[in-house]
There are 4 protein chains.
Amino acid sequence: MSHNSFGHLFRVTTWGESHGPAIGGVVDGCPPGLSLTEADIQPWLDLRRPGQSKFVTQRQEPDEVRILSGTFEGLTTGTPISLLIENQDQRSRDYGEIADSFRPGHADLAYHLKYGVRDYRGGGRSSARETAMRVAAGAVARKVLGMGVSIRGALVAMGGDAVDRAAWDWKAVRENDFFCPDPAAAARWEERLLELRRSGSSVGAVVEVVAEGIPPGLGAPIYGKLDAEIAAAFMSINAVKGVEIGEGFAAAALTGDRNADEMRMAPDGTVEFLDNHAGGVLGGISTGQPLVARFAVKPTSSILVPRRTVDRHGRDRELVTKGRHDPCVGIRAVPVGEAMMACVLADALMRHRAQVPDAPLTTRLPRN
Amino acid sequence: MSHNSFGHLFRVTTWGESHGPAIGGVVDGCPPGLSLTEADIQPWLDLRRPGQSKFVTQRQEPDEVRILSGTFEGLTTGTPISLLIENQDQRSRDYGEIADSFRPGHADLAYHLKYGVRDYRGGGRSSARETAMRVAAGAVARKVLGMGVSIRGALVAMGGDAVDRAAWDWKAVRENDFFCPDPAAAARWEERLLELRRSGSSVGAVVEVVAEGIPPGLGAPIYGKLDAEIAAAFMSINAVKGVEIGEGFAAAALTGDRNADEMRMAPDGTVEFLDNHAGGVLGGISTGQPLVARFAVKPTSSILVPRRTVDRHGRDRELVTKGRHDPCVGIRAVPVGEAMMACVLADALMRHRAQVPDAPLTTRLPRN
Amino acid sequence: MSHNSFGHLFRVTTWGESHGPAIGGVVDGCPPGLSLTEADIQPWLDLRRPGQSKFVTQRQEPDEVRILSGTFEGLTTGTPISLLIENQDQRSRDYGEIADSFRPGHADLAYHLKYGVRDYRGGGRSSARETAMRVAAGAVARKVLGMGVSIRGALVAMGGDAVDRAAWDWKAVRENDFFCPDPAAAARWEERLLELRRSGSSVGAVVEVVAEGIPPGLGAPIYGKLDAEIAAAFMSINAVKGVEIGEGFAAAALTGDRNADEMRMAPDGTVEFLDNHAGGVLGGISTGQPLVARFAVKPTSSILVPRRTVDRHGRDRELVTKGRHDPCVGIRAVPVGEAMMACVLADALMRHRAQVPDAPLTTRLPRN
Amino acid sequence: MSHNSFGHLFRVTTWGESHGPAIGGVVDGCPPGLSLTEADIQPWLDLRRPGQSKFVTQRQEPDEVRILSGTFEGLTTGTPISLLIENQDQRSRDYGEIADSFRPGHADLAYHLKYGVRDYRGGGRSSARETAMRVAAGAVARKVLGMGVSIRGALVAMGGDAVDRAAWDWKAVRENDFFCPDPAAAARWEERLLELRRSGSSVGAVVEVVAEGIPPGLGAPIYGKLDAEIAAAFMSINAVKGVEIGEGFAAAALTGDRNADEMRMAPDGTVEFLDNHAGGVLGGISTGQPLVARFAVKPTSSILVPRRTVDRHGRDRELVTKGRHDPCVGIRAVPVGEAMMACVLADALMRHRAQVPDAPLTTRLPRN
């Protein structure tokens, strides 16, 4: 019920504002006995960190995470894991205009209308800075899932320009500034972004997250469906406007004979799917196939183009967002999407274990 | 946490299998003093009911709902509202093949792998029949929201053939068999579906739900965002593979200057938006604009074309789904989508009242 | 969050009013594959059923439970189990006085002040009739716990007259009308109650519930402590005013050297406790010792003695409760207490499995 | 569901171990616009702080709380409030014996059997130090409740020696080292405790918490009863073994005519109760009378008397707890009990507002 928590058994609560003294999170329900130190979390944070290339916001801070509780001698103890990152880059500056005026496309007006009071500095609670804690929690979730599970994300389209799936190369993802699996697309995007930086505008993107090695049986009907949990998790990421699983919206254009995934027995006695339109989920439950999910990120609204808006006193205004400029927020959303997927899966695995403790966690048939 | 409940303060729990004695639901947390009888619920159920046109499944039953608790002398009392529909059309027939074999694209295999035991008759718990209870709960949620709120759905694409938005007519939605707002599209779809019925296949569709008259301030950061709640609610509907808000996936192809919605003050002192790319939600909080959300429904997998599959004994099989055939399950998903939207909004309204009891529920500025 | 649900993973929702058409409950989260039919539940309901002796309310109805979902061919399927009991004894009578006046000691006034509307017939939702559903859910919970766990309750004091613990005999509990483990006390209570029936008054009682065979490790710090869950579960039973674990309030009068339970290793390598002041819980976690908990039930307020009160119009009134008279509601609370304990333990077991799937569930040392 | 959170709408999560770098908490769901700074919280912490008299543990640290998020310019913003206290008194010492052996009456063994891994330093997560965060959260809850609500606690019995209720003086509570409302009892207790300190033993106590000024209508049937929430909240405090409301266990010894509280109309049109056996709650809902609840605290088990126990290697041991010695942990539980009551009431008030937004919050009749 808590507005700032997600997950049920693997439960993450985050707190903190962009320009407060710190941001943090609490991971509750983590199993005991997992090896966990800051070194397990920091590399994932470094992937998400701003200021790493010229294509993301230039906020410069190390984002160094500290574990304040929940581990002992390098092992999780089953008690809540408190994570904290101090905010260092709190430039003191005049927030006068932002304090009063509501940036179009931002949460400013909505917060004002809901709460009456808001911390306008750097977006306050609505800042993408909050996602650092998701990435940290995701690192813990990966520990819960274990080494057999791989969760990888990539940017698959930017501003309507999609990657060539035939050229997909996971290694390429870490070799360009865009988490792009297609080097040719990455080259085109670089050019495009340089142009957008000059014009002061921004562009949207699509992120794909693929989870492999997860057992069948995760998720549960009717309102705890795995894909519904993923949808909520992705849609809660800043600037996300759409979510899809497997074939997604394209499935709406298909006929039934083309969309359903046929099956046969593999030589090892497990079920082999001949296709994966479903994206690894049927009836809200994982089938053992790779989980494939995507989300659409809108172009950031903080652009250098003057826009019409209103202020808190009910006056018409024209506003130009100054300061840092992030031409494609979708880029940094890639590690965030991976982390959310990891958290959802860790939670679903724990729920499955609770209800079906002797579940075989395999597609081998006959089961009984 | 409950797998078969959704909502937090306005909380709906459903139960029942397709071919069990009954299906039902419990609405907990409903405010007291609302007028509510079966007559408030039945019309919405009648909209969803199968067997009404040649384009939906031919299961014939009245789906008559009974209220078993939670009202007194025609008013809600604040105690749980129990709703029940008896299953009448439980044809006794031989389920032999379905009992053993897993229909491609269905939840059969996933249930088997997760639970080991499953009620295979008519899909058991995974049957779309469960959605009748969502519709019933949605009728109660509309009471909570009050007359000022309008929630309407429509089918906006079928098999890749989209409506012409310039021709949108809400009245048309109730005048064809498809909840289609564009009579010309409806005529094309009719032809297409007749053909699909003959070929024994099926087709996907896209549903759009629009909520008007809702106050600003509903939804809350970070993990109780209104759009995240909608995403989970829609994705939990049978056969849904994608969800989007406002511009949705199309936003990923836009630049920031085109996507953000400018604002100005209206003569009555409220905020006027010059566009609604956001779909009525910013930072996870409603802005007072119309809420616009869509979901993609895959083509039903129960088709008359033989498909390769496996059975519970680990043998390769070929399967043809017999019996009722629903060429486009997306059609009946329209009232279900409306109902889920109503439930999410009722819940969000109650949560907002709890945290900000004196919230003005208007976009009038200055607020303070 | 739902007001009418309890439990987290083994989650029970109840609904229904005393004089509505039926009462019911939904058990969500139950593991699949457990054998379950009405015959597993009915005997527990029969124990609680009113009208069985002259010492409990004379409402006469069979309380026949029906399972409407969640089982298939005699096994649980992991989907929600819907339970329903039709109300048969809905005497049509004039509720005029009760409709307007608030019975002292009852929930009447509180419901009126909270909801404005209330079903006054037979106490509506606040009737002890609701506890039938707890007993039904408890029967399912016992299945989850398995045969190795024994949960037994007894009445240990009535009107200040306590049993002799030296004379405790579990067999006696089923052989008198009071669930009394001490035949001599039962004889005294019988006399006392006959007298109270004549005078039209009532008396309070204390119920003790003992659970044996439960593994160590159930419950979790800090707010999911096993004893805190038991306290809430017991306190939610009608007319309960106090709850204690192990030594309970008596511990407040002890010194530390007398209260702490010493330990030694048993020959079989498990931990042996030399005493059980703790009642089987330390730090909110079960130790493997018998769980011992008690709750105090106030005397029923529906008595034949005239009492001063007010009515909904703000007038002073004098009221005599007519109709059925239950001189000691504590008696029927015994099976209810057992059921609540069973539900709490089933839930705690499932939570423990989720977080520590490889927990040894024994006190054998060294564990690792 | 989270083990380390309590509350539903006013939701508190705590984290931290006794000898880790810090302890902390997150208050989520707090209404916006309340004035809140560290100065509102610190005085309550100072009341609970150890090392203040010779009768409580001598751990010496200032327990200075910092607010890390959720406020802006001195007002709450509706976003999560993060609270942090650094641990300063982390004496480096040899924990050898405690690391291996399980102290009788402590959570040591239970944690070991549940988690396999535990932070044994100072009791780790099971340390009473966690309650500092409850007190901090309680200070926020008092803000939510507003000035009209008074919540006060007192120690009403120590080691079986109860206060004289005729001599009750709330002013006295702050004038002795025991939160004792009866100066004569305080004098007796002082003597008793000096003696216990010499003998190295400890003693139990009973705490009473009284809340005045709360409106009727808080709490909800059936499993969200106000008294059930209080019972869980109190039972979750370290060393608590019993909870009671109003007459409590004494009600079990009363007859119905003596226990029910008669009512009449007061001159101002509100309901006047002639007694308060119920302790302010009927049917789980507040009646507007003072809420009266008590809890029993066992004697601390950390005593200087040698005790028989076992170690993690399965060996019999004899153990003497060294270090700080707290002869009556019940004393410091008084501000903790107040805080838990405040949190439960704030949560119940928010839930009531959500479901019945136009509830009159008074006992004035006729209501409608």
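The values are calculated or read from the model by the stated rules, or taken from the named source; none is laboratory data. Please read all numbers here as calculations on a predicted model, not as lab measurements. FYI the Cβ positions are ideal-geometry reconstructions off the backbone, even for glycines, and counts take in every protein chain you see. Please note that ligands, DNA and RNA were not included when accessible areas were found on the heavy atoms of the full protein model with its side chains. Shrake-Rupley method; radii C 1.70, N 1.55, O 1.52, S 1.80 Å.
Values as computed for the structure displayed
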read-out	value
Under 5 Å, built H, 5+ apart or other chain: amide partners of residue D:254	C:204
Inter-copy separations for residue A:212, label at 7 Å along Cα-Cβ, nm, ascending	5.0, 5.5, 7.0
Over segment A:101-232, equivalent-ellipsoid semi-axes from the Cα gyration tensor in Å	29, 27, 14
For residue A:320, inter-copy label distances in nm, listed shortest first [label point 7 Å out on the Cα-Cβ vector]	7.0, 7.9, 8.8
Simple Cβ-charge dipole of chain D, Lys/Arg +1 and Asp/Glu -1, about Cα centre, in debye nearest 20	920 debye
Rough spin-label spacing in nm, given labels placed 7 Å along Cα→Cβ, for residue C:313 and residue D:362	2.1 nm
Rg/Rh (Cα only; Kirkwood hydrodynamic radius) as it applies to segment B:271-321	1.47
Largest to smallest principal axis extent of the C-alpha atoms in segment A:208-305, angstrom	60, 27, 24
Rg ratio (alpha-carbon, reference 2.2 N^0.38 Å) - segment A:63-145	1.46
Cα gyration tensor of segment C:165-221 - equivalent ellipsoid semi-axes, whole Å, descending	31, 16, 8
Virtual spin-label span in nm between residue A:199 and residue D:37, 7 Å along Cα→Cβ	4.9 nm
Label 7 Å beyond Cα on the Cβ vector: residue B:160 copy-to-copy distances, nm	2.0, 8.6, 8.7
Förster radius 56 Å - calculated FRET efficiency between residue A:322 and residue D:171 (Cβ-Cβ, nearest 0.05)	0.45
Residue mean of other protein chain beta carbons inside 10 Å, C:274-284	5
Karplus 3J(HN,Hα) series, Hz, for segment B:271-281 with 6.51 cos²θ - 1.76 cosθ + 1.60 (x for Gly, Pro)	7, 10, 8, 8, 6, 9, 4, 6, x, x, 9
Packing-based order for D:186-196, B:351-361, using average beta carbon neighbours within 10 Å, highest first	B:351-361, D:186-196
Measure of compaction for segment B:319-368 (Cα Rg per 2.2 N^0.38 Å)	2.10
Value at 222 nm in deg cm²/dmol, rounded to 500, when DSSP H runs of n ≥ 4 in the protein assembly as shown each add -39,500 (n - 2.57)	-8000 deg cm²/dmol
Charge dipole (debye, nearest 20) of the protein assembly as shown; +1 at Cβ of Lys and Arg, -1 at Cβ of Asp and Glu	0 debye
Directionally averaged shadow of chain A, computed from the convex hull of its alpha-carbon atoms, nm²	20.3 nm²
Over segment B:11-51, volume per residue of the alpha carbon convex hull, in Å³	100 Å³
Surface per residue (accessible, 1.4 Å probe) for the protein assembly as shown, Å²	30 Å²
Given C:143/D:114; C:114/C:322; C:114/D:143; A:241/B:322, the pairs whose alpha carbons are separated by over 27 Å	A:241/B:322
Under 5 Å, built H, 5+ apart or other chain: amide partners of residue C:22	C:17, C:87
Cα-based radius of gyration of the protein assembly as shown once divided by 2.2 N^0.38 Å, which approximates compact folds	0.89
Taking all pairs of distinct alpha-carbon atoms in segment C:250-368, Kirkwood radius in angstrom	19.2 Å
